[in-house]
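See below for the structure under consideration.
The values are calculated or read from the model by the stated rules, or taken from the named source; none is laboratory data. Bear in mind that the values here come from a model prediction, so they are computed numbers and not experimental data. Counting neighbours? That spans all protein chains shown, and the Cβs are built from the backbone with ideal geometry, glycine included.
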Amino acid sequence: MEPVKESEMEGMHLRMREQMQSVFGITDSNGLDLFGLIHRLANLSEVIECQQCGGDELSGPRWRLLLRLFAEETLGNQEGVTPTSLSHYQRVSKNTISSLLRGLEQQGLLQRTLDPQDYRLFRIQLTQAGRDLVRESAPKRIKGMNKMIACLEPEEYRTLMVSLDKLLRSLIATAHPNKEPKFHSPFVEN
């Protein structure tokens, strides 16, 4: 698939806005524009990340799971993490997590063990091969991500992070209107 030229993209956006105006009477498509851009950014950054790390055969979601398990170990969690906890962390369904974990297990990068207190639960832990892969690949992947955002000046980066954090908080409040967000952002004062 060939990339779309910027002028063609602008024309497509203009035609889409005109279509929305004529069919639905909608004059403000800012939300559609923003979420479309976020979606394209996420997809393209995933493609570039995979290209930059071609040798380790790990998709972004699989690598982030390994990184999470590595962080848990580093912070002292030696018993492992439940698949449910990982699905919440990745913000994906349990079926998606099961598929990701199965693939990582087949690659020999993690193992499942029964929880000694509750035999209905599995605990997920890195294998030595998983630890080694994270240690080896993290610097390269993080450097690649930093390269992707190198076009932003420090103040532009901070402004973008504050704005995206504000949007994230709004989305969380919309999804869970009776709950207070349970995270602390380094970009927004709480």
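Of all residues in region 108-138, which are in contact (Cβ under 8 Å) with a residue 40 or more places away in the chain and surrounded by 15 or more Cβ atoms within 10 Å (Cβ to Cβ)?
LEU109, LEU110, PHE122, ARG123, ILE124, GLN125, LEU126, GLY130, ARG131, LEU133, VAL134, SER137
What are the residues in region 110-158 that are more than 22 Å from VAL47 (Cα to Cα), among the aliphatic types (A, V, I, L, M) and out of contact with any Asp or Glu (no Cβ under 6 Å at 6 or more places or on another chain), if any?
LEU110, LEU114, ILE124, LEU126, ALA129, listed by residue number.
For region 78-95, name all the residues that are farther than 16 Å from LEU121 by Cα and exposed (fewer than 14 other Cβ atoms within 10 Å of the Cβ).
Those that are farther than 16 Å from LEU121 by Cα and exposed (fewer than 14 other Cβ atoms within 10 Å of the Cβ): ARG91, SER93.
Take the conditions more than 12 Å from LEU65 (Cα to Cα), of a type outside the set (D, E, K, R) and in contact with a strand residue (DSSP E or B) (Cβ under 8 Å, 6 or more places away or on another chain) and apply them to LEU109. Does it pass?
No; evaluated as a whole, the condition is false for this residue.
Among the helices (runs of 4 or more DSSP H) contained in region 75-190, which hold 1 or more residues that are under 22 Å from LEU58 (Cβ atoms)?
On the way: elements: 83-90, 94-106, 128-148, 154-175.
Where helices (runs of 4 or more DSSP H) fall fully within region 75-190 and carry at least 1 residues being under 22 Å from LEU58 (Cβ atoms), they are 83-90, 94-106, 128-148.
Which residue out of LEU58, LEU67 is under 17 Å from MET145 (Cα atoms), touching a residue at least 12 places away in the same chain (Cβ under 8 Å) and not in a helix (DSSP H, G or I)? Steps first, please.
On the way: LEU67 fails: not in a helix (DSSP H, G or I).
Every option except LEU58 fails the conditions.
If you go through region 52-108, how many residues are under 18 Å from ILE142 (Cβ atoms) and of a type in the set (A, V, I, L, M)?
6
Being among the charged types (D, E, K, R) and either on the phi > 0 side of the Ramachandran plot or touching a Cys at 6+ places or on another chain (Cβ under 9 Å) (or both) is the filter here, so list the residues in region 91-131 that pass it.
Within region 91-131, the subset among the charged types (D, E, K, R) is 91, 94, 102, 105, 112, 115, 118, 120, 123, 131.
Selection gives ARG91 alone.
All but one of (1) modelled with pLDDT of 90 or more; (2) surrounded by 13 or more Cβ atoms within 10 Å (Cβ to Cβ) hold for ALA173; state the number of the condition that does not hold.
(1)
Pick from ILE38, ILE26: which is under 27 Å from SER170 (Cα atoms) and at pLDDT 90 or above?
On the way: ILE26 fails: at pLDDT 90 or above.
Answer to the selection: ILE38.
I need a count of the residues in region 139-152 that are in contact with a Phe, Trp or Tyr (Cβ under 8 Å, 6 or more places away or on another chain) and surrounded by 14 or more Cβ atoms within 10 Å (Cβ to Cβ).
Taking region 139-152 and keeping what is in contact with a Phe, Trp or Tyr (Cβ under 8 Å, 6 or more places away or on another chain), we get 141, 149.
Add one more test, that the residue is surrounded by 14 or more Cβ atoms within 10 Å (Cβ to Cβ), and what stays is 141.
The qualifying residues number 1.
From the list GLU18, GLU73, GLU46, pick out the single residue that is in contact with a Lys or Arg (Cβ under 9 Å, 6 or more places away or on another chain), modelled with pLDDT of 80 or more and of a type in the set (D, E, K, R).
Working: GLU18 fails: in contact with a Lys or Arg (Cβ under 9 Å, 6 or more places away or on another chain); GLU46 fails: in contact with a Lys or Arg (Cβ under 9 Å, 6 or more places away or on another chain).
On inspection, the qualifying residue turns out to be GLU73.
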